[in-house]
Amino acid sequence: MKTPLTSLAGLDLLTSAVIVLDADSCIMYANAAAESLLGSSFKALTHQKLSDLFLNGDELLDVFEQAVAHQFADKRQDLTLERSGRDALHVHSIVTALDNPDSPVLIELRENVQQLKLDREERMLDQSKANKELIRNLAHEIKNPLGGIRGAAQLLELELPERHLKELREYTQVIIKEADRLQTLVDRLLAPHRLPHIVGDVNIHEVCERVRSLMVAEFPQGLTIKRDYDLSIPEFRGDKEQLIQAVLNIAHNAAQALSERIKSGDAEIVFRTRVVRQMTLAKVRYRLALDLHIIDNGPGIPDEIRHRIFYPLVSGRDGGSGLGLTLAQTFVEQHLGAIECESRPGCTDFRILLPLP
């Protein structure tokens with residue numbers, strides 16, 4: 001006797017994907033969440049073998065055969081299901097053997113959000129390391145000839161004839177000033193590779209208050225900086241100056257993005273601190289972690305650079321060096337933490353996560 005599909009209609013209310021297979025491992029039912037997860041309609045899925053949907057479908061077929069043979073009542077495992085021309089699915093699967101020969105197996109799939117987050121973090125770390133290594137090598141290659149150019153310009157200035165000194169000195173000064181400007185840029189490119197000086201305990205609220213005082217001094221009118229602190233957060237070992245610089249770079253970027261709102265007097269930046277439990281950072285599980293948010297009510301990050309904002313020399317404004325967020329990311333990573341960003345018009349939220357003792 002076939003299982004009536006009407007008896008399974010209630011499964012459409014579930015947020016996890018549910019698939020019922022017949023004795024030939026073909027799909028005879030898929031709920032709405034399964035349609036969404038697999039990116040296909042129920043009509044298109046019906047009578048397809050589940051294993052044919054994925055490049056590594058043999059894994060599911062093996063589990064199906066074990067279920068049909070009643071080798072278990074239910075089996076739970078994490079799977080990465082490869083799909084042709086599409087992103088792989090990271091899921092937690094629960095395979096249940098049913099007492100019905102016509103529909104012997106029910107499979108529940110839940111997208112593994114934590115695995116997706118870890119994969120995204122790993123890709124970001126790899127890209128960040130590659131970009132920073134490239135920039136560091138370029139900066140070293142530029143630094144030496146730059147000093148030679150500046151020195152030659154100074155010597156040339158000393159050799160200029162007195163009668164032409166005033167008009168020709170203007171050109172040598174341009175060379176010297178531009179060489180100094182490039183030297184400053186090179187020094188900033190190399191700065192992130194300085195290891196943190198772990199000189200004492202850091203109170204994150206002292207860091208936030210120092211940044212707040214600097215921002216208020218620079219933007220005394222039109223910008224409100226709000227505090228939303230969890231004062232129970234413990235101190236941790238770290239480089240206070242590096243963390244001040246990281247938070248300042250993010251806050252300063254936010255203020256520059258808020259220029260129009262500052263003129264109208266309704267610009268706002270919020271410093272929010274919380275504690276999160278059981279947080280994984282760079283593949284290491286920590287019992288406690290600091291969760292610092294720097295939130296602004298600006299226009300949001302442009303779509304074309306949203307996924308590249310931590311890359312060196314990527315800037316969303318004219319005249320920006322594109323190094324502020326790169327430095328912030330590097331300093332946070334040197335403290336074994338991570339930095340994330342979510343942005344939409346009216347709300348940009350930078351999140352700094354750091355392990356706590």
Check: For K177, what is the net charge nearby, where nearby means another residue's Cβ is under 14 Å from its Cβ and Lys, Arg count +1, Asp, Glu -1?
Finding: -1
Checklist line | ³J(HN,Hα), Karplus 6.51/-1.76/1.60, whole Hz, each residue of the stretch 26-37, x for Gly, Pro | finding: 8, 6, 10, 7, 9, 7, 4, 5, 5, 4, 5, 5
Checklist line | Extension gain, D201 back to I175 (0.36 nm per residue minus Cα-Cα distance, nm) | finding: 4.9 nm
Checklist line | Shape of the stretch 5-111, Cα gyration tensor, a/c cut at 1.5 | finding: rounded
Notebook entry, point to check: What spacing in nm lies between the two simple spin-label points modelled at D74 and A88, each 7 Å away from Cα in the Cβ direction?
Noted result: 2.6
Check: Taking the Cα-to-Cβ direction at L61 and at H140 and moving 7 Å from each Cα, how far apart do the two end points lie in nm?
Finding: 5.2
Notebook entry, point to check: Highest mean first, what order results for 33-39, 162-168, 260-266 on Cβ atoms within 10 Å?
Noted result: 33-39, 260-266, 162-168
Notebook entry, point to check: Considering amide H positions built from the backbone, and no H for Pro or chain starts, which residues 5 or more places from I301, or on another chain, come under 5 Å of its amide H?
Noted result: R344
Margin query: Quick check on the exposure proxy: order V20, V63 from fewest to most C-beta atoms within 10 angstrom.
Written below: V63, V20
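No value in this document is a laboratory result; all are computed from the given coordinates. Predicted, not measured: the structure shown is a model, and the values here were computed from it. All Cβ positions, glycine included, derive from the backbone under ideal geometry; neighbour counts span all protein chains shown.
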